[in-house]
Structures are given as C-alpha cells and as structure tokens.
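These notes are about the structure you will find just below.
The values are calculated or read from the model by the stated rules, or taken from the named source; none is laboratory data. Predicted model only: the values in this text are computed from it and were never measured. Backbone-built Cβ (ideal geometry, glycine too); neighbour counts: all protein chains shown. Note: accessible area is taken over every heavy atom of the protein model, side chains too, but ligands, DNA and RNA are not part of it. Shrake-Rupley method; radii C 1.70, N 1.55, O 1.52, S 1.80 Å.
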Amino acid sequence: MGLIPDDIIAQVRERTDIAQVIGEHVALAKSGAQLRGLCPFHSERTGSFYVYPAKQFFICYGCGKKGDVFSFLMEQQGRTFLEAVKDLAQRAGIELPAESPEALRQNRAARSERERLLKANAIACDFFRAQYLGAGGARARDYVERRGVTAPTGEIFRLGYAPATGEALAQHLARHKVPTALADQAGLIAPSQRGAGYYDRFRDRLMFPVISPAGEVLGFSGRLLDPDAKAAKYVNSPETPLYRKGDLLFGLHAARATVHRTGRAVLVEGNFDVVQLHERGLTDAVAPLGTALTERQVALLRRHVGDGHVVVLFDGDDAGQKATSRAIPLLVTSGIEARVARCPRGEDPDSLARKDAGGQIARLVDHAVPAVEYLIDETSLAHTSSVEGRVKALRAIAPTLRLLKDPAVRDLYAGRVAAALTIEKRAVDRAIRLSEVPTPSPADPAAPRPAPRAARLGPALDRELRLLSLLSDHPELCDAAAPAEELLTQAPVKAAFRALRETRPGELADEVVLRALPEELRATLAERLLAGSFSADDSFGQVDAPRALAEIVQTLEGESRGQTILELTREIEEAQRDGDTERYRRLTMRKLELARERHQVASR
C-alpha cells in the first residue's frame, strides 16, 4: 500500500496471535491442530469456521471467507487495511515508521465513516462518564447505589449521566471539533423543533453505553431519573451505521470472556437486569436492547456460546412469560440448547438480585429447565380446563416441536404433550404435521408467526368441508363415501375428495387433503382437524364415524334435492309463461316427488 513497508507488515503478522484476536469475536474450540467455531460472516448451526494458528490463516468452509488476521478485522469490523495494521501493531508493541505529511493527509482523507462515528461516540461516552462522576452526577450515582450497584460494576459498564440542560453535550462535541452533521448522524444530538440549532438527544438520564466485544461504543441507552417526568423510561440511540439494536446485545462486552469460558449465556430483558446480575457474580448476562429478541441477536448468541447453552431469565409477569414463549422458537430454530429459569411472580432479575438471599438467583439459573419442557408446562397449565383450551394449547406447542431437528427428541416431547393434555399421542403427531399449514393464530403468544385468517365459508362449503374433515380422520370410510362425490358442488372440495380416494399406501390422509386444497381452505380445514371434530381416539371425545358419515351424506342429499327443486320451480314458471302445458305438468310432478322424498328423509 506504500505507507508501511512490507517487512513491517510481515513482522506485525508474525507477532500477532490470530487465534487470540479471532477468539475475541468467535467462541473457538480445539479441533485437532486447529480451532473451530461458528462463522461470524454468515448464520449457521454447525461450525464450519476454522482457524489454523500455525499458518496464521482462517477459512469458513460454509461461506468461503478466508484470509489472515488483517482480512478478519477488515471483514468483521469494516476497517481499512491500514487501520487493521495499526491496531495490531499497537497490540504487538511494534512501532510503525513516522508518516510523511502527504501520507498523513491521505490517511485523514481515507478515514472511514465508521471511525469518525466511533470517535464521536467515544467523546460522548467520556463526557457522560465525567458528568456521572462529577458534582452534577450525584443524583445519578445515588440512584445507582440505592439499587445496589457498586462503583467497580459501574466502571465495567461505563455508566454515565446526561445533564438536563439540553445543550451540554452539543457544546462539548463542538469544543472537540466534532461536526454537527456527524454528531446528528451518530444520534447524539437532534435538530431543534422550535427553530435553528440542535439539542442533546439525551437529557437528565442515566446513560448505558452499548459497547461492542471489541470495546467500541456503538450507541447509548438512557434511563429517565425523574419518576414524575412525562417521557419514556428508556430512550435508545436511533438506528445509525454503528447502532442497529436488532443486531446487538447489551452487556456482551462484559460477558464475552465468561461466555467463552463456560459456554453459557444468561439472557435477561433489561439493562439493569444485566448490571445487577454482573454485580452478583453472574457475569454471563446479556440483554436485547429494549426490543423483542431477533434472529440476528440469536445468531450472535450462537456464535459466542458455541456448543454451550442459553438460559432465558425474563421477568416473572405475564409480559415476561409471553416474551419467553416468543423467544423459544427462535432459539430452537437456531440449534442453540435453550433453557428457561422462571422468575417468581412479580419479580424480575433486577429486583430478585437486589434482595438475593443465599444465592437464589444463581440456583434459578443453574437449575433452568429445557425450553421446550417449559413451553409445554406453561401452555398446558394455562389451557387444559376445556376441550377448546386443550386444542388451543396443542396448536400453540406443535409448531415449536416441529422445529426440533432430532426425530427421537421430537417424539419424546410429543409423548410428554400427550400426557400433559390427556390426549392420544397420535393427535399430537398430527398437530405437529399440521403445524406447517398456516392456521389462524391462537391468542396464545407461543405461536411463532402470524397466519392468515380462515376463509369465510358459505353454508354449502362448510357442509362439504365437514365431509373432508371426517374422511381425513377416518380414511377407511372413503369407499363408503364414494356416492357423495356427485353431491359435491364446490370444485376445490371435489378435487380434494378425489385426491383422498386415490391415497396410496403409506400416505397420510390429512396431508393428502391439505395439499389438494387452496391455502385459504387449507387453513380452515387444518383448524378443524386440530380440533379433533371427528376423532375417535378419545382425545377430544368419542365419535361414531359411520353414523357421522351417513348424517353428512343425508344432509348433502337434502341440499341437492333442495337445489334441484329451486331449479324446477324456475323451469315451471318458464313453462307456464310459454303455455307449454305438457312440460308444466311433467315438471310439477317431478317437483312434488322430490319434495316428498325430502320430507321423508327429514322425518327419519
């Protein structure tokens, strides 16, 4: 590149431990003579990312990324080659040659947007920290101390205070020659709504810097100190090139070393939850940034825990339980071993840690139960008081069971669900199969994704779907139901009926029918099958299937006769207008005959 001699670059490379540098970002484990982990450049469940320390080289056999330690830092942190060399030279204690004025000018011109934003954030972080430690931060320090957080823990998290004046930070940044546009881009200040000028985005708040595992300040989260103020309790930095809250975890910089050593991360909900657990020695705690857990955050957890596990320790209220139920499918899908520690009702990790007696919170975490077991227990306890409730619980649990990759594990959990809901296991197996079909979302939050509403059914379609539902549960009645085909008036139902009658050995009737229906009807029928309307396995009550078939066919025949009578009525009126006496007499006799048959069937 012309600014640093090649021999100096080679020296920096040779004196840098590539495994140590990469290990700060990826959980690595020994695999023969090399190290292995989850690739930081793409999402994966099985580690295909390898580091070869002897060759000072890394490669991912999944996405193809490869290179030396400079390449890694450039890819991982968006640095230029020059920035990566300078950083590693400083770590290795190698003094780089003095740069010429021209080289300095070129370097300044090439300074990346990321570097400038990081510098602005670092200046702001130091400002907030100085305010916190100074006379003006006494109220913030008192608040933190009253919550049981000591000064060393505050230093680890670099807690700060944003003054209430509304322009203190803006003036400080200006004195440090941070351009106004850059400070605005970093989310530190915002344009005034009342005229010209800018104001501080954070005012009279306890400040939590969001710090990367590499120690870079990416953004901020500010907690309101005045309980009577009519403002949001927490305000986070807006989305910036550095700060994308769905990609980040609060506290990861402080938890990284413990997580890598133990293979465990404790996932809590809030900033103070994280700080309190670290204060109590649980230094593997991290949290999403004021938002529901995202797939990208789960991937970040997966990279750091490696083959370890994540313990979910959310609040003990209804909202916390709902958040836990929403997080479980994401964790299961990622392949992470997930466990759940249940906070007592009305407590959260912060409050529990503050009055922790005898290490209760550590015991909760150490004895966390597998996440799927938690989901089964919570959902079944909430919904087993009625048949409708058991159906709702089964519908809520089944999609998560389907995500389990190991068939043996999935089968064992299916048995546990059957026992918890007092239904036959085959009903659970069916629900797992049907969970692939988009059914109307239940009120229970454990459903992993929203689904389309069921189709609005007319009376004829409703009756004909009842026939499909019955035959899906009792395919042995398909031959007996064959005459009903000529009574079907709905084309999608007729096509599915024919597909069902042509089911080959080994095929499952419900899957055959659902594949043959359009999506909106598929959702409706799947809901009925999950409800077990015609099940005869004692899961939701006994059904006399042959009698049910006879009743459905009888209804279809009655409706068919009724439709024919309506058509005859129109034809009779037409014959009467045309003066066709013979046709009028013949049609009238046929109408009377059909009406008599319909009455006889209805009176049985």
task = Tell me which of these residue 283 doesn't satisfy, since it passes every other one: (1) of a type outside the set (Lys, Arg); (2) in a loop (DSSP other than H, G, I, E, B); (3) touching a Phe, Trp or Tyr at 6+ places or on another chain (Cβ under 7 Å).
result = (3)
ask   = Does at least one position in the range 374-388 carry a residue that is charged (D, E, K, R), out of contact with any Phe, Trp or Tyr (no Cβ under 6 Å at 6 or more places or on another chain), within 28 Å of residue 336 (Cα to Cα) and surrounded by 14 or more Cβ atoms within 10 Å (Cβ to Cβ)?
value = yes
ask   = Is there a residue being in contact with a Phe, Trp or Tyr (Cβ under 8 Å, 6 or more places away or on another chain), free of Cβ contacts under 8 Å to residues at least 40 places away in the same chain and either part of a loop (DSSP other than H, G, I, E, B) or open to solvent by less than 10 Å² (accessible area, probe 1.4 Å) (or both) anywhere in the range 400-413?
value = yes
inquiry  = Which condition from (1) at pLDDT 80 or above; (2) crowded, with 16+ Cβ neighbours inside 10 Å; (3) of a type in the set (S, T, N, Q) is the one that residue 77 breaks?
reply    = (1)
request  = Give the residues of the range 449-490 that are open to solvent by less than 40 Å² (accessible area, probe 1.4 Å), outside any helix (DSSP H, G or I) and either at pLDDT 75 or above or not hydrophobic (A, V, I, L, M, F, W, C) (or both), sorted by residue number.
outcome  = 458, 474, 478, 481, 488
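Within the range 1-27, can you find the residues that are open to solvent by less than 50 Å² (accessible area, probe 1.4 Å) and either touching a strand residue (DSSP E or B) at 6+ places or on another chain (Cβ under 7 Å) or outside any loop (DSSP other than H, G, I, E, B) (or both)? Reasoning before the result, please.
Narrowing the range 1-27 to residues open to solvent by less than 50 Å² (accessible area, probe 1.4 Å): 4, 8-10, 12, 16, 18-19, 21-27.
Matches in the range 1-27: 8, 9, 10, 12, 18, 19, 21, 22, 23, 26, 27.
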ask   = In this structure, is residue 288 within 21 Å of residue 368 (Cα to Cα), out of contact with any strand residue (DSSP E or B) (no Cβ under 9 Å at 6 or more places or on another chain), crowded, with 19+ Cβ neighbours inside 10 Å and not hydrophobic (A, V, I, L, M, F, W, C)?
value = no
query = Residues in the range 39-74 that are without any contact (Cβ under 8 Å) to a residue 40 or more places away in the chain and either closer than 17 Å to residue 10 by Cβ or more than 23 Å from the chain's Cα centre (by Cα) (or both): how many?
reply = 20
ask   = How many residues does the range 423-435 hold that are open to solvent by 10 Å² or more (accessible area, probe 1.4 Å) and either assigned to a helix (DSSP H, G or I) or closer than 18 Å to residue 375 by Cβ (or both)?
value = 9
message = What's the number of the only condition in (1) buried (at least 16 other Cβ atoms within 10 Å of the Cβ); (2) under 20 Å from residue 550 (Cβ atoms); (3) at pLDDT 75 or above; (4) hydrophobic (A, V, I, L, M, F, W, C) that residue 513 fails to meet?
response = (2)
message = I'd like to check which strands (runs of 3 or more DSSP E) are fully inside the range 188-276 and have at least 3 residues that are modelled with pLDDT of 90 or more, within 25 Å of the chain's Cα centre (by Cα) and more than 19 Å from residue 126 (Cα to Cα).
response = 264-267
key: Qualifying residues in the range 18-38 (those that are over 27 Å from the mean Cα position of the chain (by Cα) and among the β-branched types (Val, Ile, Thr)) - the one farthest from residue 262 (Cα to Cα)   = 18
query = From the list 305, 312, 332, 340, which one is under 23 Å from residue 214 (Cβ atoms), surrounded by 20 or more Cβ atoms within 10 Å (Cβ to Cβ), in contact (Cβ under 8 Å) with a residue 12 or more places away in the chain and of a type in the set (Val, Ile, Thr)?
reply = 305
ask   = Any chance the range 91-106 includes a residue that's out of contact with any helix residue (DSSP H, G or I) (no Cβ under 6 Å at 6 or more places or on another chain), open to solvent by 40 Å² or more (accessible area, probe 1.4 Å) and modelled with pLDDT of 85 or more?
value = no
